Every structure is written in structure tokens, then in C-alpha cells.
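In what follows, a structure is listed as C-alpha cells, so that the remarks can point back to it.
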Amino acid sequence: MSKRVLILSASPRKGGNSDTLCDEFAKGAKEAGNDVEKIFLRDKKINYCLGCGLCTNNDYSDCSQQDDMTEILEKMISADVIVMASPVYFYTLDAQMKTLIDRCCAKYTKIINKEFYLIATAADSAEPALDRTIECFRGFLDCLEGAQEKGVIRAAGVWMKGEINGTSYISKAYNMGKGV
């Protein structure tokens, strides 16, 4: 059965290491017959959460801000599978991904029963150095009803753009996508 796969790439570099893994995941998922859409967060306008309370005062249905997050949230709600990918900056998520997660506040109660795949890339060559980033993702998933973590890629030792190419992480991302 075909699934709706939404890939959220927080790489600030188009074709960066985490973005490349998103493309490989997408390739595998498409070849498996799924409907795949990738959103490159750098191309979107996502403002910081203002903590104004409009969403919580309106049963998590509205946000006071008029930006691209409304569209992204609707896509997250309608997706079956969500891939979240971030480079690691100072041993945690980058600002693009963290801002997206914070802005899910308006409708996080409607992101229900999703399968999640988590991707993190880092210059540090030790995979455990990516654990804090993965735990940040998991903190978000813990807030979502019925969220299922289906796979994780901790791509260590890749800093400069393109260093991911030729590593085993490429096939891992492709195979993970193929298995959706």
C-alpha cells in the first residue's frame, strides 16, 4: 500500500550531507511506490514561536503568524511517514529544525499515528556524539500521539559538503526509504 512520505530537510546547504541523505531516502521510498514530498526548510519562511497562546486558547487550531508553517503543518498532519533530518550544530539540532518543531505547537495534537525516520549528520567521527540530537527528535515524538520511530541514521564524520558521498550512510538512507 502506497504511503504519503513527507521529508523535512533542515540542512542550510542544498545538497549538503543531511540533504543528500534525504534525497537518497526519497529515491528509495519512490521506488517502493510511495508518494514522496521533500520540503527544504531553508526555502520556507518559518518564524519563531511567539508564545502568544492563541493556539492553546483556540484548541490548538490557530496560530497568530502568517508564514509557511501553516502549510507545512497541514502536510505533516496528512502524511503517513515523516522524515526529519538535521545537521548537528554544537551537538544538537540546527535552528531550522528546532524552529519547525517549536512551531508545531499550534497543531501537534493533530499529528497522530505517524511513522518517523530520523537523520542526523555531524563532523564528529563518533556516532554517539549524535545521540543528543536524536534525543531532541525523540522529545518531540514523545509529545505526539501514536508516533512510531521506524529508523535512525547517525551519520558521523561528515562535515564538508559532499563528504557523505561514498559512505555506507548513502545506502542506509536509500534502503530505509525503500523499506517504507
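Observations on the model:
- Matching helices (runs of 4 or more DSSP H) fully within region 8-84 where at least 2 residues are aliphatic (A, V, I, L, M): 17-31, 69-78
- Of all residues making up region 14-59, the number that are within 19 Å of residue 78 (Cα to Cα), more than 17 Å from the chain's Cα centre (by Cα) and surrounded by 15 or more Cβ atoms within 10 Å (Cβ to Cβ): 2
- Qualifying residue in region 106-117 (condition: over 20 Å from residue 3 (Cα atoms), in contact with a Pro (Cβ under 6 Å, 6 or more places away or on another chain) and either surrounded by 14 or more Cβ atoms within 10 Å (Cβ to Cβ) or not hydrophobic (A, V, I, L, M, F, W, C) (or both)): no
- Scanning region 60-94 for residues that are among the hydroxyl-bearing types (Ser, Thr, Tyr) and loosely packed, with under 14 Cβ neighbours inside 10 Å gives 61, 64, 78, 91.
- Qualifying residue in region 152-169 (condition: in a helix (DSSP H, G or I), crowded, with 22+ Cβ neighbours inside 10 Å and not basic (Lys, Arg)): yes
- Across region 43-97, the number of residues qualifying as of a type in the set (Ser, Thr, Tyr) and without any contact (Cβ under 8 Å) to a residue 40 or more places away in the chain comes to 3.
Each value in this text was obtained by applying a stated rule to the coordinates, not by laboratory testing. Note that the structure is predicted; figures quoted are calculated from it, not measured. Positions of Cβ are backbone-derived with ideal geometry, glycine not excepted, and every protein chain shown enters the neighbour counts.
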